[in-house]
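Structure first, commentary second.
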C-alpha cells in the first residue's frame, strides 16, 4: 500500500507525540506515583508504534514497542522509577526523535538502536520480580470488559435505554474492529458515527468520543445505540465504510447488564468505577448529551500561509495607493468606500497575522529536557519554571529565536547556577531555579531568562573588558550598571576561568545579540551579585508588516520603524554642541549624538535645507543607547510591507529592506540599530 500521501501527517503527528512523551516524562520524574501521567505516556507511545508500523518504519516501531513494554511495567508497578530508568527512557525518546527527523529529511528512519534496546530490556527484566500469581493476575477492568464491552453506565443513561425499549426502539451494543493497516483511525470513526446518527442515536462510546477523535485506542471500539433499524441494516451500513475488519451488532439488555454488575466482585467494581471516573473526567462535556462534536481545527501547510501573506502584502500596498487617490480626488463616495475597505482589510490583516502566530511553547517545550541533561552533566540540581508558554509569536520569529535562547539557558546553567554545596554554604536552597517567562507588551513580546545563581561580578567584567581592549580605563566611570553588564556581549568576551563547550557568559552572546537585533529586537541584562541574573529579550510580534514614520531626505523618502522611535523634535542649530569630535545635543538632560542621514546615505541636498536655522530630528533607541537622526522633514505615520532588497544588495549599511508606497515610489527602511553607537 502506498503511504506517501500520509507522510506529512505522520511526521506532524509523530512530532506531537514525541513532544508529549518528553513533557510527560519530565512530569513523571517529579511525580512517579501519578498514574494519570503514566497513562498519557503509554497512549502516546502506543499510538506512535501503530503509526510507525502502518507506515512501514520498522526500526521506529520496534524501538517504540520496547519502550512501550517498559511503560507497561511502570504502569502496573512491576518496574520502579529510578534515575537510571528515566535516563534510559529519555535516551530512547531522543533516538525516536532522531528517526522522525531522518524521515522528515527523506530517509527511512533507520538507526542503530541495539544498545538502547539492550538497556531497555535490562530495565524491563532486571526490575521485574513477578510471582506466578502475579503473572496470572487479570486487571479488574479486563474482568468487567469481558462481562460487558461498555464498562459502566450511569442512572441517566440507563433511564434513556429503559425508556427507548418501552417506546418500541431497540437497544444495540455495537463493536467495530478496524483493520490494523487502517490509516487515520479518527477519520474512520467519524464516518462510522455519521452513518449511525442517520439510523438512530448513540448513547455512549467506549472509549469516550474525545479519545476516539484523538485516536487514543487500538483498533476496536464499542457504542450503545438506539434505533428502529434492524441488526442487518445497521451492519450493512457500517460496512460501507472502508478499512473495517468486522462489525458485531448485539441487542443490549438493561436487565442483563444490571445482573452482571451485581455479581461482579466488589473490589472489581471499585476499581472499575475509579478507572471510569478518570476517563470520564478527561472526556468532553458534550458526550453527556449524546452529541458527537467534530474537531474545530485543520492542518494547513505553512507555505500556503506564506502565499496568503504575500498576497495580503500586495493588498496593503494597493490600499495605500487608493487612500492617496481618494484624498487627491476628494470624492465623498470614493472616500467612504476606501475607508470601509481600509477597515475590512485591517480586520483581515489581524486574522492573517493571528493565523501565522504560534505559541512560544514550541520553543520552550524543548528546554526542560535540555536543562535536565545539563544539570546531570554539571553535577547540579536545577528546577525549571515556565510562565506564559501560551504567548504567541509570528512563525518567522519563532524559527529564529530558538538558538539564541539555547545559548542564554546554557550560560545560565553553567555560569549562573552554583553547585549544591556552594549554594548550601551561601544559605540558598540546594536546588537552583531557571525561569523562562514570556508576555506581550504593546506590539512586542518579551522573553525573560532568569536564574537565582551567582549573578554577574561587575568588577570582574570591567577588568576583563579593559584587559581585552573592549573599553579604555578612562571610560569606566562613565558606564552605568547595565552598560557594564552589556560588555559581556562583546565578541569573544568571557568571564569563565576555564572555557568549555558550555562555559562562560560570553560564549555565543555576541551571536545572540546580533541575531536578536537582526529580528528588530533588543536584549538587556539585569543582575545582582550572589542573587541571580535576568536576560530580557524584546521581539516584534511580526516581521513582515510594520508601522513606520516616513521621512524625507531631499526628494527621497525613507521609513523608520516606530518600534525604535522615542519621539520626534525640531531644534535650533544653536543647540548643537561638540563632544569627542562628534555633534551632539542635550536632549532632556541626556547627551544624544546626531546622525545626519543626508551624509550617511550620500543624498544630494537639492532643497538646500542647510540654509534653514532649524533641524528635524528623530530620536531613536537601541537598548539604553539613543541617537538623533537628522532628516529634512517628516511625512507621517504609515503601515508598510517590508520587502527584501534581494541577493544583489546584501549587507547595505543601515538599510534593512524597502517598501512600496501608495504612489508607487520605493522607500528604503532604515535600520536604526546600526546607527546607534
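The values are calculated or read from the model by the stated rules, or taken from the named source; none is laboratory data. Please read these numbers as outputs of a predicted model, since none were measured by experiment. Here the Cβ is made from the backbone with ideal geometry for all residues, glycine too, and neighbour counts use every protein chain on show.
Which ones in the stretch 653-677 are surrounded by fewer than 14 Cβ atoms within 10 Å (Cβ to Cβ), in contact with a strand residue (DSSP E or B) (Cβ under 9 Å, 6 or more places away or on another chain) and at pLDDT 80 or above? Don't jump to the end; show me each part of the working.
Just the residues of the stretch 653-677 that are surrounded by fewer than 14 Cβ atoms within 10 Å (Cβ to Cβ), to begin with: 653, 663-666, 677.
Narrowing the set further to residues that are in contact with a strand residue (DSSP E or B) (Cβ under 9 Å, 6 or more places away or on another chain) leaves 665-666, 677.
Across the stretch 653-677, the qualifying residues are 665, 666.
Looking across the stretch 374-395, the residues that are more than 18 Å from the chain's Cα centre (by Cα) and in a loop (DSSP other than H, G, I, E, B) come down to 379, 380, 381.
The test for being at pLDDT below 85, more than 29 Å from residue 654 (Cα to Cα) and in contact with a helix residue (DSSP H, G or I) (Cβ under 6 Å, 6 or more places away or on another chain) holds for residue 473. Is there a residue being part of a loop (DSSP other than H, G, I, E, B) and in contact with a helix residue (DSSP H, G or I) (Cβ under 6 Å, 6 or more places away or on another chain) anywhere in the stretch 444-453? Yes: the stretch 444-453 contains one or more residues that are part of a loop (DSSP other than H, G, I, E, B) and in contact with a helix residue (DSSP H, G or I) (Cβ under 6 Å, 6 or more places away or on another chain).
I'm trying to understand the selection: among the residues of the stretch 396-443, which are more than 21 Å from residue 538 (Cα to Cα), in a loop (DSSP other than H, G, I, E, B) and in contact (Cβ under 8 Å) with a residue 12 or more places away in the chain? Once the filter is applied, which keeps residues that are more than 21 Å from residue 538 (Cα to Cα), in a loop (DSSP other than H, G, I, E, B) and in contact (Cβ under 8 Å) with a residue 12 or more places away in the chain, the stretch 396-443 yields 417, 418, 419, 426, 428, 430, 431. All told, residue 189 falls short of being buried (at least 16 other Cβ atoms within 10 Å of the Cβ), touching a helix residue (DSSP H, G or I) at 6+ places or on another chain (Cβ under 6 Å), at pLDDT 85 or above and closer than 15 Å to residue 250 by Cα. Here residue 308 passes the criteria (1) in contact (Cβ under 8 Å) with a residue 24 or more places away in the chain; (2) out of contact with any helix residue (DSSP H, G or I) (no Cβ under 8 Å at 6 or more places or on another chain); (3) over 30 Å from residue 423 (Cα atoms) except the one numbered (2).
With respect to the conditions (1) at pLDDT below 90; (2) on the phi < 0 side of the Ramachandran plot; (3) not assigned by TED's automatic domain parsing to the domain that holds residue 634, residue 536 falls short on a single one, namely (1). If you filter the stretch 53-98 down to residues that are under 24 Å from the mean Cα position of the chain (by Cα) and free of Cβ contacts under 8 Å to residues at least 60 places away in the same chain, you find that the one that is surrounded by the fewest Cβ atoms within 10 Å (Cβ to Cβ) is 98.
Looking only at residues of the stretch 101-129 that are loosely packed, with under 12 Cβ neighbours inside 10 Å and farther than 30 Å from residue 56 by Cα, we find that the one that is modelled with the highest pLDDT is 126.
Give the residue that is surrounded by the fewest Cβ atoms within 10 Å (Cβ to Cβ), with candidates limited to residues of the stretch 476-517 that are at pLDDT 60 or above and not in a helix (DSSP H, G or I).
First, pick out the residues of the stretch 476-517 that are at pLDDT 60 or above: 476-494, 508-517.
Keeping just the survivors that are not in a helix (DSSP H, G or I) gives 479-480, 490-494, 508.
Working: 479: 16, 480: 9, 490: 18, 491: 12, 492: 11, 493: 19, 494: 20, 508: 19.
Filtering the stretch 476-517 for residues that are at pLDDT 60 or above and not in a helix (DSSP H, G or I), the one surrounded by the fewest Cβ atoms within 10 Å (Cβ to Cβ) comes out as 480.
Flag: residue 24 matches the condition of being crowded, with 20+ Cβ neighbours inside 10 Å and over 19 Å from residue 184 (Cβ atoms). Here residue 604 passes the criteria (1) surrounded by 16 or more Cβ atoms within 10 Å (Cβ to Cβ); (2) touching a helix residue (DSSP H, G or I) at 6+ places or on another chain (Cβ under 9 Å) except the one numbered (1). Counting only helices (runs of 4 or more DSSP H) wholly contained in the stretch 160-250, the ones carrying 2 or more residues that are under 21 Å from residue 50 (Cα atoms) occupy 185-199, 209-213. Exactly one residue out of 201, 215, 194 is loosely packed, with under 14 Cβ neighbours inside 10 Å, under 44 Å from the mean Cα position of the chain (by Cα) and modelled with pLDDT of 80 or more, and it is 194.
Identify, please: which residue in the stretch 518-533 is assigned to a loop (DSSP other than H, G, I, E, B) and buried (at least 21 other Cβ atoms within 10 Å of the Cβ) and is, among those, modelled with the lowest pLDDT? Walk me through it before giving the result.
Taking the stretch 518-533 as the starting set, the residues that turn out to be assigned to a loop (DSSP other than H, G, I, E, B) are 519-521, 529-531.
After this cut, where a residue has to be buried (at least 21 other Cβ atoms within 10 Å of the Cβ) as well, the list is 520-521.
Details: 520: 75, 521: 81.
Only one residue tops the list, namely 520.
Considering 234, 268, 298, 263, which residue is at pLDDT 80 or above and over 30 Å from residue 339 (Cβ atoms)?
After ruling out the rest, the residue left standing is 234.
Of everything in the stretch 564-580 that's in a strand (DSSP E or B) and free of Cβ contacts under 8 Å to residues at least 40 places away in the same chain, which residue is farthest from residue 633 (Cα to Cα)? Among them, the one singled out is 579.
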